[in-house]
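Heads up, the thing below is written out as structure tokens.
The values are calculated or read from the model by the stated rules, or taken from the named source; none is laboratory data. Source: prediction; values computed, not measured. All Cβ positions, glycine included, derive from the backbone under ideal geometry; neighbour counts span all protein chains shown.
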Amino acid sequence: MPELELPEYGKHIVFLGSTGSGKSVLASAMLRYYDAFFAIDTQDSLDIPGKVLANPRHLGLLLRFYPKLHYVPKPEFIERYYFEHVFRTLLNSSQKKKPRPRIIYIDEIYHVGYGMSFPAWLPKAITTARQRKLSFWISTQRPRAIPVPVMSEASKIIVFYLSKGDDIKLVSEFARSDKKGLFKALSEQEDDYSFIVVDNRKGTWSKYPKLKLNEGE
């Protein structure tokens, strides 16, 4: 079984799986290996280090002094205007000429204040972030409902338990070397914290064993 490879800055990841399947646990564990990240956690459910930010108006200043930021917005800031402000600030903080590497992790894309519609800024941010060494790590339960660039621009798709057949079919289309095998593996996968990693560039995939929760790094 190969070790799980941590992606470089500028490479995107999508975490897929139903509620409680292990997406946030794995993402939190991976983030601990990076020097700079901005984690959007509207449910305050992530176990990660970093300066906690509650007011998005302070983001520009804190980005200068804190490489690790854990964004847990107050209820009044969970709306379209403030999230657009957050992402404009993040993108502007890293320019093409002087990129500032950072992971931007969104713990469930549909929690960013829009109900069940995706944010209008997302496709453009996804396609331009790589040049600035910014990586979008996006977590979601329903891959069928998210914009095409989220899946197509991801270097890795990490899949936990999916309950919808159309979601399973969509993910299996990204494996060029063994589509039938991946479809079978996804269909038989149980909600046991095991996960499958699809390499979106090579079109290959590997299944990883049950996560060892409640243990040290």
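Before moving on, here are some points about what is shown:
- Any chance Leu69 is more than 21 Å from Val159 (Cα to Cα), hydrophobic (A, V, I, L, M, F, W, C) and assigned to a helix (DSSP H, G or I): no
- For region 131-147, the set of residues classified as within 28 Å of Leu182 (Cα to Cα) and modelled with pLDDT under 85 consists of Ala145, Ile146, Pro147, listed by residue number.
- Any pair with Cβ under 7 angstrom, 6 or more apart, that starts in region 163-174 at a residue that is outside any helix (DSSP H, G or I) and ends at one that is among the hydrophobic types (A, V, I, L, M, F, W, C): Phe174/Ile157; Phe174/Val198
Yes or no, residue by residue, for (1) closer than 22 Å to Met30 by Cα; (2) modelled with pLDDT of 95 or more; (3) hydrophobic (A, V, I, L, M, F, W, C):
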residue	(1), (2), (3)
Ser152	yes, no, no
Ile158	yes, yes, yes
Lys164	no, no, no
Leu170	no, no, yes
Gly181	no, no, no
Glu188	no, no, no
Asp191	yes, no, no
Asn200	yes, no, no
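- Ala54 vs. criteria at pLDDT 95 or above and farther than 21 Å from Arg142 by Cβ: yes
- Meets criteria (surrounded by fewer than 22 Cβ atoms within 10 Å (Cβ to Cβ) and part of a strand (DSSP E or B)) for Ser177: no
- Contacts under 8 angstrom Cβ, first residue in region 23-37 being over 9 Å from Tyr105 (Cα atoms) and in a loop (DSSP other than H, G, I, E, B), partner acidic (Asp, Glu) and modelled with pLDDT under 95, 6 or more apart: Arg32/Glu217
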